[in-house]
2 protein chains.
Amino acid sequence: MEDYQLCPKFENAFELLGKRWTGLIVHVLLTGPKRFKDISVLIPSMSDRMLSERFKELEAAEIIVRHVYPETPVRIEYELTAKGKGLKPVMDELQKWADSH
Amino acid sequence: MEDYQLCPKFENAFELLGKRWTGLIVHVLLTGPKRFKDISVLIPSMSDRMLSERFKELEAAEIIVRHVYPETPVRIEYELTAKGKGLKPVMDELQKWADSH
DNA sequence: ATAATATACTAACATAAAGTAAGTAATTAA
DNA sequence: TTAATTACTTACTTTATGTTAGTATATTAT
């Protein structure tokens with residue numbers, strides 16, 4: 001009858017990262033702001049439809065911000081927020097793990 | 001025409017962790033070996049079908065081992081391998097992030 | 001002895017998420 | 001004028017996940 005639960009914050013974290021593409025998008029954005037096209041080129045196996053959907057989710061979760069630069073032609077960039085950048089240590093540790101196993 | 005790619009090891013890592021439930025299962029197993037039922041109780045929103053499927057994937061990826069103890073009744077436990085335990089720093093960093101955001 | 005409960009699953013089917021292909025609108029380049 | 005680029009969206013198919021029920025073996029309760 002022990003019913004200790006998982007930490008809900010941790011569960012929320014995995015509702016994001018436990019979705020396909022999300023981690024890779026964040027990883028790429030850790031190298032700096034990027035345009036839609038940049039990411040679709042860097043992750044060619046992901047479709048535009050998915051990228052568009054993930055961007056919306058990450059924006060809603062306040063992990064990225066969408067910047068519109070009213071140049072001609074207009075330029076749109078996606079950038080990590082402080083919260084998004086906070087995932088760097090996670091990604092770094094995962095990279096270490098991936099390298100060593 | 002720049003075509004630097006993502007690290008394939010990193011991509012592989014996210015093929016696992018970028019699936020629903022995988023991260024939570026690993027997280028729970030970091031507290032020690034567990035039986036099927038233990039985990040299904042700790043993660044009640046996950047169905048048995050998914051747990052069964054994830055166990056097979058994690059075993060195939062050599063992140064967990066399945067131990068069969070021929071007692072009566074038989075006891076089956078799932079335990080992290082060294083590779084699986086290696087994910088602890090990743091999970092720890094994610095916990096920190098989850099707590100601070 | 002029979003029924004109920006427990007564990008560790010599997011099978012069948014429904015729904016949700018992701019993949020695929022094509023299209024759109026605004027702009028610029030050839 | 002036609003083609004190309006960017007940042008998407010739409011419609012449709014396939015795959016993943018959810019839901020419910022069931023199986024096999026064993027133990028416990030009545």
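If each Cα of the protein assembly as shown is one equal point scatterer, what is log10 of I(q)/I(0) from the Debye formula at q = 0.09, 0.16 Å⁻¹? The calculated log intensity ratios at q = 0.09, 0.16 Å⁻¹ are -0.38, -1.06. Averaging the sequence gap over all C-alpha pairs within less than 8 Å and six or more residues apart, then dividing by the number of residues, gives chain B a relative contact order of 25 percent. Placing unit charges on the Cβ atoms only, positive for Lys and Arg and negative for Asp and Glu, gives segment B:8-100 a dipole magnitude near 100 debye about its Cα centre. A simple count of charges around B:PRO89, restricted to other residues whose Cβ falls under 11 Å of its Cβ and scoring Lys, Arg +1 and Asp, Glu -1, yields 0. Across chain B, the convex hull enclosing all Cα atoms gives 138 Å³ per residue. Surface calculation, 1.4 Å probe, protein heavy atoms: B:GLU59 sits at approximately 80 Å² accessible.
The values are calculated or read from the model by the stated rules, or taken from the named source; none is laboratory data. A quick note: this is a predicted structure, and the numbers were derived from the prediction, not measured. Because the Cβ atoms are built from the backbone with ideal geometry, glycine has one as well, and the counts that use them run over all protein chains shown. In case anyone asks, the SASA skips ligands and DNA or RNA and just uses the protein heavy atoms, side chains included. Shrake-Rupley method; radii C 1.70, N 1.55, O 1.52, S 1.80 Å.
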